[in-house]
Every structure is written in C-alpha cells, then in structure tokens.
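Okay, structure first, notes after.
The values are calculated or read from the model by the stated rules, or taken from the named source; none is laboratory data. Bear in mind the structure is a predicted one, so any value in this text is a computation, not a measurement. No Cβ is skipped: glycine too gets one built from the backbone with ideal geometry, and neighbour counts run over all protein chains shown. Surface areas here come from the heavy atoms of the whole protein model, side chains and all, with no ligands, DNA or RNA. Shrake-Rupley method; radii C 1.70, N 1.55, O 1.52, S 1.80 Å.
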Amino acid sequence: MEQLGFTSLSSDAGIFLYKNKESFVIVVIYVDDKIFCRPSKTLAYKMKEEFMKIWETRNLGEVTEFLYMRITRNGSSIYLDQSAYLETVLQ
C-alpha cells in the first residue's frame, strides 16, 4: 500500500489513508476483503485500479456488504447494520 502512496494508521494495521490536495481515500483490508471509501469516486476508482495492477483481485462494484455488515445508501447518508449476521448467530 505504501508504494501506492497510502499510509497505515498506527491504531489499526488494516486501515490505510491516501490524501491529496482535493480529496482522500480510506482503504480497509481484512484478510482478503477490502473496501475503498471516499468522497470522490474519481480518485477512489483511480486508486482501486492501481491496487488491482499490483494484487490479484476483482472489482465487485458498489459495496452492499462487508465483513457481515450490510451497507445501504440513501442520498448522502450511509447506513450499516448487522441484522442478518445477528439472526444467524441467534439461530
């Protein structure tokens, strides 16, 4: 990730931050799952393309689930819930 210009957080080795003058990208990596978070789609897509040139990975498009969290969007709001995972655990 460092060769792409990301820095890792000292508080969590699986979270990386890329900043430039206009925007930023946060990448969360857990084993073989990863998510690119951003306010700017253009920068995130560019960084994801660069990531995919180095590591074998697939682009699954817009995220709807990550690490048992369901992710939904409504306008500029993002909602996370684990109700499906909780139901599985309770069963």
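Per-structure values
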quantity: Per-residue HN-Hα couplings for the range 68-81 [Karplus 6.51, -1.76, 1.60; θ = phi - 60°; Hz; x = Gly/Pro]; calculated: 6, 9, 7, 10, 10, 10, 9, x, 8, 8, 10, 10, 10, 8
quantity: Dipole magnitude of the chain about its Cα centre (Cβ charges: Lys, Arg +1; Asp, Glu -1), debye to nearest 20; calculated: 400
quantity: Carbon/sulfur fraction of accessible area - the chain, other protein chains in place, 1.4 Å, %; calculated: 52
quantity: Compactness relative to 2.2 N^0.38 Å, alpha carbon Rg of the chain; calculated: 1.19
quantity: Listed peptides 8-14, 47-53, 28-34 by packing density, highest first (mean Cβ within 10 Å); calculated: 47-53, 28-34, 8-14
quantity: Residues of the chain: accessible area per residue with a 1.4 Å probe, Å²; calculated: 79
quantity: Neighbour net charge for TYR45 - beta-carbon separation under 12 angstrom, K R +1, D E -1; calculated: +1
quantity: Cα long-axis angle, helix 41-54 against the chain (0 to 90 degrees, to the nearest 10); calculated: 80
